[in-house]
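The values are calculated or read from the model by the stated rules, or taken from the named source; none is laboratory data. Quick caveat, the model's predicted, so the values are computed rather than measured. For neighbour counting, all protein chains shown are included, and Cβ atoms are generated from backbone atoms with ideal geometry for every residue, glycine included.
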């Protein structure tokens, strides 16, 4: 068994255990310097939080552990391919790599919308099933204008 | 001024105010029955949480307010086009509509990766800048198998 397979097994075991505790069938772990620094399981229904996917929970916990908003040199292992929300979070957190076991199509087969959401994001905003519309207000650039002028800011 | 423009103004004002308080230039509000039930601003660097975008913060707060993991019949207003992470969260929370003022390209022009991440998500996993690899372990389907067999579960 490779190190990657071993860590994926841990993520999968978390997912199985979570189903036994009224959670969704997803688990994730984050590794830094070959050590597990954070774990996450899907707690969407348990905590009434649609963003509480295993990967998001693990990313937030790892960032708290590292006292950083970046996961530099970390690896994320997930029992399933990250959905677009989680993949977006991964791009903002910037770990060095991601490994997963089941695919978005496996998730869709048991009723999770991952594959559908990937399709939706690739569509122009006005063709999506959730209506998404830009209204260019006369003050729309005010936040970015102020951001440009601000000297002491943390870019990311 | 339309009702949509008025609510967008509120989101934009939150964004401007957040820059003045060491936050990112983004704000969002969520409306239910014509009432603001939640607000959010970008607190990524302030709270060391890469998922703390304005929309995610507002979605979590609105779900707490409604005691639900779904934002049925809610409308989300954001000062800027949601990034893929936030758009994914919107698809999981399922509000009825989304309105935004600035675009992903405006965000990119002041250094936020939104547009880049949209491009990355559309690529096959093995062509992305963050290496994302599937490893089909022999037990990969265990969480989904157990989920299928579980009678008392909340689907979403």
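Couple of notes before you dig in:
- In segment A:5-28 there is no residue matching the filter, namely being modelled with pLDDT of 95 or more, surrounded by fewer than 24 Cβ atoms within 10 Å (Cβ to Cβ) and part of a strand (DSSP E or B).
- Among the criteria (1) modelled with pLDDT of 95 or more; (2) within 23 Å of residue B:57 (Cβ to Cβ); (3) out of contact with any helix residue (DSSP H, G or I) (no Cβ under 8 Å at 6 or more places or on another chain), the one residue A:73 does not fulfil is (2).
- Options A:95, A:143; residue that is under 30 Å from residue A:68 (Cα atoms) and free of Cβ contacts under 8 Å to residues at least 12 places away in the same chain: A:143
- Flag for residue A:12 being at the interface with another protein chain (Cβ under 10 Å from one of its Cβ atoms) and touching a residue at least 24 places away in the same chain (Cβ under 8 Å): yes
- Among (1) closer than 24 Å to residue A:7 by Cβ; (2) modelled with pLDDT of 95 or more; (3) buried (at least 22 other Cβ atoms within 10 Å of the Cβ), the one test that residue B:136 misses: (3)
- Residues in segment B:29-45 that are over 18 Å from the mean Cα position of the chain (by Cα) and either buried (at least 16 other Cβ atoms within 10 Å of the Cβ) or part of a strand (DSSP E or B) (or both): B:35 alone.
- Subset tally (residues that are in a helix (DSSP H, G or I), surrounded by 17 or more Cβ atoms within 10 Å (Cβ to Cβ), more than 11 Å from the chain's Cα centre (by Cα) and at the interface with chain B (Cβ under 7 Å from one of its Cβ atoms)) for segment A:54-72: 1
- Residue pairs whose Cβ atoms lie under 6 Å apart, separated by 6 or more positions or on different chains, with the first residue in segment B:115-129 and loosely packed, with under 14 Cβ neighbours inside 10 Å and the second part of a loop (DSSP other than H, G, I, E, B), are B:122/A:122.
- Checking each residue in segment A:25-53 for being facing chain B (nearest Cβ under 10 Å) and touching a residue at least 40 places away in the same chain (Cβ under 8 Å) picks out A:25, A:26, A:27.
- Only strands (runs of 3 or more DSSP E) whose full extent lies in segment B:73-156 are considered here, and the ones with at least 3 residues that are more than 7 Å from chain A (Cβ to nearest Cβ) and touching a strand residue (DSSP E or B) at 6+ places or on another chain (Cβ under 7 Å) are B:74-80.
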